[in-house]
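Below is one structure, written out as structure tokens; comments come after it.
The values are calculated or read from the model by the stated rules, or taken from the named source; none is laboratory data. As the structure is a prediction and not an experimental result, all values here were calculated from the model. A quick note on method: Cβ atoms are made from the backbone with ideal geometry, for glycine too, and the neighbour counts reach across all protein chains shown. Side chains included, ligands, DNA and RNA excluded: accessible areas come from the protein's heavy atoms. Shrake-Rupley method; radii C 1.70, N 1.55, O 1.52, S 1.80 Å.
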Amino acid sequence: MALRRCHLNPKKTLFLLCDIQEKFRLAMPLFDNMIKNVDKLTKAGKVLDVPLIVTEHYPEKLGKTVAQLDVSHAKLVSSKTLFSMVTPEVKAVIKDIFSGKPEDVVLYGLESHICVEQTAIDLLEQNINVYIVADCCSSRLNQDRDLALDRLRQAGCVITTSESVIFDLVRDKNNAQFDAIRKLVSQTSVDMELTRTGAGLPVGSAKL
């Protein structure tokens, strides 16, 4: 399936934050590193007025979204039992936000090879461009994350990074929100030990 490739437009883009919950903290390698990258990306989305939807997988057992992340601006924070984020409640809110569907979805969270992957496939089936933010994704095993990224690239997703997404949404130093964004990106993103060759992120592939 060939999807249109273009620059991200804040008015036509949706952020999906998938299941970054407290009970995963001890099970995920580099969890704290990921949270720092997710925090920067999510704050940038808020500054740029990109709609955000957050899901929590079975929060009765797995807890709420981690407290370090401010998701108060989210259009929806929804509990789910489906692995995919594309639940009836989420679909209804997306339809309301966009009077249909977004052109592009920026997707990030846990776990890369389960909930993120299944969400991405569901979105691709709706002919929505999907950008997977690799440095904002994790799995209990890095190899599961990296192989999921490889599968999703082959399926038609754009595999990218948090700063690449942020700067593509801004596009111009003269953007009215650039000063606020500059403060967020003044420190580089935290390394997530992504594979540089083979599965995951081949050299030079993480470009929008």
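From the phi of every residue in region 26-40, what ³J(HN,Hα) in whole Hz does the Karplus formula 6.51 cos²θ - 1.76 cosθ + 1.60 yield, where θ is phi - 60° and glycine or proline is x?
These are the phi-based 3J(HN,Hα) values: 6, 8, 9, x, 6, 4, 5, 4, 4, 4, 5, 5, 4, 4, 4 Hz.
So how strong a dipole does region 1-107 carry about its Cα centre when Lys and Arg Cβ are +1 and Asp and Glu Cβ are -1, to the nearest 20 debye?
Values: 17 positive and 12 negative charges, 57 e Å.
It comes to approximately 280 debye.
What are the extents of the Cα atoms of the chain along their three principal axes, listed from largest to smallest and rounded to whole Å?
Rounded to whole Å, the extents work out to 45, 40, 37 Å.
Could you look at region 119-175 and say what percent of its accessible area is carbon and sulfur, using a 1.4 Å probe and all protein chains?
Values: 960 of 2200 Å².
Ligands and nucleic acids excluded, carbon and sulfur reach 44 percent.
Give a residue-ordered list of calculated ³J(HN,Hα) values for region 7-20 (Karplus: 6.51 cos²θ - 1.76 cosθ + 1.60, θ = phi - 60°; whole Hz; x for Gly, Pro).
Values per residue, Gly and Pro as x: 6, 6, 10, x, 7, 10, 10, 10, 8, 10, 9, 9, 6, 8 Hz.
Checking the cross-link filter: which aspartates and glutamates have an alpha carbon closer than 17 Å to that of Lys11, excluding same-chain neighbours under 8 positions apart?
Candidates past the 8-residue exclusion: Asp49, Asp96, Glu103, Asp104, Asp168, Asp172.
Nearest 20 debye, what's the magnitude of the dipole of the chain about its Cα centre given +1 on Lys and Arg Cβ and -1 on Asp and Glu Cβ? Don't skip to the end; give the middle numbers.
Numbers: 27 positive and 26 negative charges, 82 e Å.
Its charge dipole is roughly 400 debye.
Can you list residues whose amide H is under 5 Å from Leu14's amide H, if they're 5+ apart or on another chain and H is modeled 1.01 Å from N?
Amide H to amide H, under 5 Å and 5 or more residues apart or across chains, Leu14 pairs with Asp104, Val105, Val106.
Please go through the residue pairs Lys43/Lys75; Lys46/Lys173; Lys12/Lys43; Lys43/Lys91 and name each one whose alpha carbons sit more than 20 Å apart in this structure.
Among Lys43/Lys75; Lys46/Lys173; Lys12/Lys43; Lys43/Lys91, the Cα-Cα distance tops 20 Å for Lys43/Lys91.
So in the chain, what percent of DSSP beta bridges are antiparallel if you round to the nearest 5? Walk me through the numbers before you get to the answer.
Working: 1 of 24 bridges.
Beta bridges within the chain, antiparallel portion: roughly 5 percent.
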